[in-house]
Amino acid sequence: MTAIIDYDAGNLRSVEKALIYLGEEAVVTRDPSVILSAPRVILPGVGAFGDAMARLRQYDLVEPLREVAAKGTPLLGICLGLQLFFERSDESAGVEGLGILKGEILKIPDQEGFKIPHMGWNSLTVRPGTRLFDGVSDGSYVYFVHSYYLKAADETKVAATTEYITHIHAAVEDGNVFACQFHPEKSGKVGLRILKNFISL
C-alpha cells in the first residue's frame, strides 16, 4: 500500500490511477497515523512552493513527512513534491522547505527562444546503479512542467539530470528518499517503470 499525501496541491488522481494500473493499492490521505504506518509514501503536487508549505503546516503534515523520511520508509516526491523536500525556493523568499534534503530551488533563467514554464518531453542523463531508474535507459524521455529547478547540495545524490536552458537536477535518490522534478505518472512506459521500481522497494 502506498499513501499519497493530500494537501490540496493537485495531481493526486493521476498518480493514484498510475499506481492502481500497476496493481498497487493507493490511499489518498492527510491522516498522520495512516501516513506514518504506510509502507510507502508519495508527496505529489503542482503549484507554488510557499502556498504548498502553508498547506502542509495547516494540515499538520510537516512533522509526519520528516518522520517518514527519518525512519526509513520509502518516500517519493513528484514535481512540487521534489521541491518541497529541499531547504528553500526562489519562488517564495523566506519560506522554509521541509529540509529533508540539502539544496535549493532556483528559477529557470530567461533565454530567447525558450519558453518558461518548461513544458514537454526532455531526455534524461541517468546515473548508473540507482534503484529508481533500474531498467530505464540513459536518454529516456520524460514529461516536465516547471518554472523552477533543483540544485542539490550533494551531486552524488542526483539520480538523473536534464538540460533546459540550464543544467537541471531532474531526480534525486538518498537512502529511502527519492524525488523527480518530472511527472512519472505522465511519462508513459518510462514513468510507469520508475513508479514500479518505487513501489517494489
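The number of residues in the range 75-91 that are open to solvent by 20 Å² or more (accessible area, probe 1.4 Å) and in a loop (DSSP other than H, G, I, E, B) comes to 3. A count restricted to the range 2-35 and to residues that are over 19 Å from residue 55 (Cβ atoms), among the hydrophobic types (A, V, I, L, M, F, W, C) and assigned to a helix (DSSP H, G or I) stands at 3.
Identify all residues within the range 54-74 that are among the small types (Gly, Ala, Ser) and closer than 13 Å to residue 97 by Cβ; write none if there are none. Break it down into steps so the answer makes sense when it comes.
In the first step, residues of the range 54-74 are kept if they are among the small types (Gly, Ala, Ser); the result is 54, 69-70, 72.
Of everything in the range 54-74, those that are among the small types (Gly, Ala, Ser) and closer than 13 Å to residue 97 by Cβ turn out to be 54, 69.
Which residue, of 10, 45, is touching a helix residue (DSSP H, G or I) at 6+ places or on another chain (Cβ under 7 Å), under 14 Å from residue 81 (Cα atoms) and of a type outside the set (A, V, I, L, M, F, W, C)? Outline the logic, then answer.
On the way: 10 fails: touching a helix residue (DSSP H, G or I) at 6+ places or on another chain (Cβ under 7 Å).
None of the others qualify; the one that does is 45.
Say whether the condition of being farther than 18 Å from residue 197 by Cβ, in contact with a Leu (Cβ under 7 Å, 6 or more places away or on another chain) and of a type outside the set (Gly, Ala, Ser) is met by at least one residue in the range 69-82. Within the range 69-82, none of the residues are farther than 18 Å from residue 197 by Cβ, in contact with a Leu (Cβ under 7 Å, 6 or more places away or on another chain) and of a type outside the set (Gly, Ala, Ser). Here is the figure for the range 178-198: residues that are of a type outside the set (S, T, N, Q) and buried (at least 21 other Cβ atoms within 10 Å of the Cβ) total 11. Beta carbons closer than 7 Å, at least 6 apart along the sequence or on distinct chains, pair a first residue in the range 41-66 that is within 18 Å of residue 106 (Cβ to Cβ) and in a helix (DSSP H, G or I) with a second that is at pLDDT below 95 and open to solvent by less than 20 Å² (accessible area, probe 1.4 Å) for 52/9; 52/45. All of 129, 139, 188, 113 fail the test of being touching a Leu at 6+ places or on another chain (Cβ under 8 Å) and farther than 24 Å from residue 48 by Cβ, apart from 139.
Restricting the search to strands (runs of 3 or more DSSP E) fully inside the range 121-166 and requiring at least 2 residues that are open to solvent by 20 Å² or more (accessible area, probe 1.4 Å) and out of contact with any strand residue (DSSP E or B) (no Cβ under 6 Å at 6 or more places or on another chain) gives an empty result.
So if I check each of 4, 20, 100, 42, which one is open to solvent by 30 Å² or more (accessible area, probe 1.4 Å) and under 19 Å from residue 192 (Cβ atoms)?
Working: 4 fails: open to solvent by 30 Å² or more (accessible area, probe 1.4 Å); 100 fails: under 19 Å from residue 192 (Cβ atoms); 42 fails: open to solvent by 30 Å² or more (accessible area, probe 1.4 Å).
Matching residue, one of 4, 20, 100, 42: 20.
Out of all the residues in the range 21-42, which are touching a strand residue (DSSP E or B) at 6+ places or on another chain (Cβ under 8 Å) and of a type in the set (S, T, N, Q)? Selection gives 29 alone.
Taking residues in the range 131-144 that are touching a residue at least 12 places away in the same chain (Cβ under 8 Å) and closer than 22 Å to residue 201 by Cβ, and partners anywhere that are hydroxyl-bearing (Ser, Thr, Tyr) and open to solvent by less than 50 Å² (accessible area, probe 1.4 Å), the pairs with Cβ atoms closer than 9 Å and at least 6 places apart or on different chains are 133/140; 136/130; 138/123; 140/123; 140/187; 142/123; 142/162; 142/187.
The values are calculated or read from the model by the stated rules, or taken from the named source; none is laboratory data. What you see is a predicted model, and the numbers here were worked out from it, not measured in a lab. All Cβ positions, glycine included, derive from the backbone under ideal geometry; neighbour counts span all protein chains shown. The protein model used for the area step is the full one, side chains on, heavy atoms only, and it has no ligands, DNA or RNA in it. Shrake-Rupley method; radii C 1.70, N 1.55, O 1.52, S 1.80 Å.
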